[in-house]
1. Computed over the Cα atoms of chain B, what is the ratio Rg over Rh, Rh following Kirkwood?
2. Size of the dipole of chain B about the Cα centre, Lys and Arg at +1 and Asp and Glu at -1 on the beta carbon, nothing else charged, in debye to 20?
3. Which percentage, to the nearest 5, of the DSSP beta bridges contained in chain B is antiparallel?
4. What would the Debye formula give as log10 I(q)/I(0) at q = 0.27 Å⁻¹ for the alpha-carbon point model of the stretch B:330-394, no solvent?
5. From the residues B:GLY181, B:GLY27, B:LEU99, which one has its Cα farthest along the dipole of chain B in the positive direction, the dipole being from +1 and -1 charges on Cβ of Lys/Arg and Asp/Glu about the Cα centre?
6. How shielded is B:55-64 by partner chains, expressed as the average number of their Cβ atoms within 10 Å of its Cβ atoms?
7. Using the crude model of +1 on Lys and Arg Cβ and -1 on Asp and Glu Cβ, and no other charge, please compute the dipole size for the protein assembly as shown relative to its Cα centre, in debye to 20.
8. Using DSSP, restrict attention to beta bridges with both residues in the protein assembly as shown and report what percent are antiparallel, rounded to the nearest 5.
Amino acid sequence: MADPKILVIDDDPDLVEGIKIALEANGFQVETAENGTEGLEKIKAAAPDLIVMDVMMDTITEGFQLSQKLKNPDPKSEYKAYAQIPILMLTGIPQKMNMTFSPEKDEDFLPVEAFIEKPIKLDSLIDKIKQMLQTG
Amino acid sequence: MRADSSPPPSAAGVSGREVVTAKRKWGIRLRWILLAIVGGGTPLINAFSILNIPEIPIYQICALLAAGNGGLQYALQRILRTEPLADSDAIKKWDITQLALDWAAVSLMFHYTGGAASFFLPYFLLHMILIGVLQPSRNRFYYIIGMALTTNAIALLKFIDAIWPVYPASFIPQRVREAPGFVLLVLFFFDAVLFISVLIVGRLMNRLNHIIVSFSEFRDHLEHANQRLELLNQLAKDTTSTLGFHPRLRFICRQVRKLMNVKGVAIYLLDEAANQLDLVSACGLSDQYLSKGPVHPDRSIPEIRRGCFHYIEDAAKDASLEYPEAAMKEGIVSILAVPLQARDKFIGSLRLYTVEKREFTKEDNEFLLALSGQAAVSIENARIYEFQKKQDEIKNEFIRLISHEIKAPLMAIQGILEVMAKAYVGPLTDKQRELVERMSDRIDSIMETSTGLLDMYQWESRGRVELTPVSMNEYLSKAATMYAEIAQNKNIDLKIHLPETELFVRSAEWDLDIVLNNLLSNAIKYTENGGRVLLDLYALEDKVILRIVDTGIGIRAKELAQIFDGRFRAPAAKKKDPYGRGMGLSFVKKIVESRKGKISVKSVPGKGTEFVLSFPKA
């Protein structure tokens, strides 16, 4: 089987670069995008196995909107083909216990498979991705 | 700027009109009553007494009077609808018409009921006195003279049979009533009673009128004073309102214009840098006048700076006025400049413009003095409010800056350092790796500091917070779950002891977040791999006690003594002086105390640390 393909969408090129190097060193193929629009193009062109994206990009809710688009339950949605790609969301929400997202609770609001809070440790990011690809 | 140029509402003159209107309406009402009495009374009198009044002429008189009175009533309503003033020409004509109608009706009645021998003489007297009373004094005089002359003439003409004598059968024998002495005597008494009564009642009425007028003036005056007080009161109360700066000034202008009954009002505020007064709000003045330019307080009216009123009586001639042509064009005759002083500081001027030379009374001046003080404070408050709003914007920008603009690049650096430390981009020497790790540690601590700063900033600057009873059992379970992974990564045994009964603390959850995040993350951070951290919750009397115990490196006595004192001290090298940073503990103490709690700490270096929090039970 070919190396799993990960799409990293974040507006900070240096952060993306760090993640890309770490993921490639751990045996992943990595595609990157700077914003939601570019991310959508890459999803269509590269068909990633998993998407890592930031909650906030150019506009505060861009990550939310992109994930909502992709996971749209409407059968006529033009992104239906991509709804199965798991999303790992990087959240910049400060560590506050009453503000933690959970995939169960926030399914409608933020329909993604998993969250990881910033600042991220690369090891835990890689662990999480591996875990998600296994279960998926 | 929007200038309100409608005419100033008049404060007085309403009550005078009320009195005059009421008198005329009473006149009409009395005439209707009289018609009913005469119309209904005549057949009754003829049927039940020996009197024999000629009914046909009486009914004709009644018809004339009814038509006239109806017409008068209609005309009065029309006049009142269309004419705003109490002494218009239309109302004067109306008065004369009314008198003419009465004169005609009374004269005819007098004739048909028997002249000097009329049984109704007392009634005619009463009628004339009443009409006299209801009339303004000049009309009253002419009416009485006219009536006296007419009635006397009719009586005398009847006596000499010059007009067809109508003598309804009377109690007075014909012999008596045809004697010249009788007629002269009756007329003498009639005239005497008429004139004396009208004179006395007229005097009384004049006095009463005078009293009514002064009373209504007094009422107007009181109302006016009351309105002024209300405005002062409103401005005083307004200090806490969120009305914006310009709406507040416009409100002051409009109210002063109304209460002082002047053409226009403007507020100028001092621009200290330029040393000039700039127009900020006005009403009742044209845009053309308002755009005349700034006013220079030192050049034109130095008195005002010292807190004195400055009155320009004749704008055309006063040399102290900067724009006399503009004032003349606008029709302004006098200008009163009132200084605005907030906390003894001159901040501007309130100006009143009149189209006539105005005597400002002592009360006016006192009112304006109180008002200007109150208005100045109100303006200052509005300025402070605007300033605070701006400060809030700056604060929000600051928060955004810290949370995003500073943390985002740090996170990127952190990621790249980690890539280097993990040798993903090629092997490092031991020294290189150590240096990279030290950089990484320092960046960690900057991020923690910024998070702490942000927390503190938001906590300090938030408004009123709703405090609710928070279940500590539930809360600590959640916290333990959150930190389980971090503890596990360091192989630390994170234990939690909860009592069986639920314990509640009155707080906002966010407060507890900050407190627990600080204490728990410190406990885990400063405990070596394989150590233990315990969260222990229990009740002690009316207190809820939370212990956070670790088996970490501990704190030296010297640092322990001042652990809650420092703010965010510059992080010292972590490995050498682990608790030297005192990260956020003073802030933690502040939050705990704000919820009526207490915090204490015990520590043995090398053995561990124990923080004890105690809150009142909710």
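Please treat every number below as a calculation from the coordinates, not as lab data. Predicted model, so just to flag it, every value in this text is computed and none were measured. Every residue, glycine as well, gets a Cβ built from its backbone with ideal geometry; the counts of neighbours run over all protein chains shown.
1. Details: Rg = 47.7 Å, Rh = 34.9 Å.
Ratio value, two decimals: 1.36.
2. With Lys and Arg at +1 and Asp and Glu at -1, about 420 debye.
3. Values: 54 of 59 bridges.
Once the DSSP bridges in chain B are tallied, antiparallel ones form about 90 percent.
4. -1.09
5. B:GLY181
6. Values: counts 0, 0, 0, 0, 0, 0, 0, 0, 0, 0.
Whole-number average of other-chain Cβ neighbours for B:55-64 is 0.
7. Values: 90 positive and 93 negative charges, 611 e Å.
Dipole about the Cα centre, nearest 20: 2940 debye.
8. Details: 54 of 76 bridges.
For the protein assembly as shown, the DSSP antiparallel bridge percentage is about 70.
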